[in-house]
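Structure first, commentary second.
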Amino acid sequence: MNTQTVTVTGMTCGHCATSVREEVGGIPGVRTVDVDLSTGLVTIGSENQLDPSAISDAVAEAGYAVAG
């Protein structure tokens, strides 16, 4: 399994984390999505390396942004 992490800005509650988890989880090949609300760190487990723009697009669809 491949693991990637990104920092997402703007998440403040459990609903925020759920939205990000659902959108990122919808990317083909994604198996796990762990969201740490306190740090904004999102850890994604997938079959293959994901395109960073696919991750950014999914996070944007949830209403947030990838930092940096």
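Kindly write out, for the stretch 36-44 in residue order, the coupling ³J(HN,Hα) from the Karplus curve 6.51 cos²θ - 1.76 cosθ + 1.60 (θ = phi - 60°), rounded to whole Hz, with x marking Gly and Pro.
9, 4, 5, 10, x, 6, 10, 9, 10
Output needed: percent of Cα pairs per 10 Å distance bin for the chain, bins running from 0 to the one holding the longest distance.
Computed distribution, short to long bins: 24, 62, 14.
Write down the accessible area per residue of the stretch 2-67 in Å², having rolled a 1.4 Å probe over the full set of protein chains. It would help to have the intermediate numbers written out before the result.
Values: 3500 Å² over 66 residues.
Per residue, the stretch 2-67 has an accessible area of 53 Å².
Please tell me the relative contact order of the chain in percent, rounded to the nearest whole number, where contacts are Cα pairs under 8 Å and at least six residues apart.
Numbers: 113 pairs, mean separation 30.3, N = 68.
It comes to 45 percent, rounded to a whole number.
Report, by chain and number, residues whose modeled amide H sits under 5 Å from the one on LEU41, excluding near sequence neighbours (fewer than 5 apart, same chain).
VAL8, ASP36
Against the longest alpha carbon principal axis of the chain, how many degrees, from 0 to 90 and to the nearest 10, is the axis of helix 14-25 turned?
20
Summing -39500 (n - 2.57) over the DSSP H runs of n ≥ 4 in the chain and dividing by its residue number, what mean residue ellipticity at 222 nm do you reach, to the nearest 500 deg cm²/dmol?
Numbers: 2 runs with 22 residues, N = 68.
Estimated from H runs of four or more residues: -10000 deg cm²/dmol.
Using alpha carbons only, how many degrees (0 to 90, rounded to 10) separate the axis of helix 52-61 from the longest principal axis of the chain?
Once rounded, the angle reads 40 degrees.
The values are calculated or read from the model by the stated rules, or taken from the named source; none is laboratory data. Predicted, not measured: the structure shown is a model, and the values here were computed from it. Note: accessible area is taken over every heavy atom of the protein model, side chains too, but ligands, DNA and RNA are not part of it. Shrake-Rupley method; radii C 1.70, N 1.55, O 1.52, S 1.80 Å.
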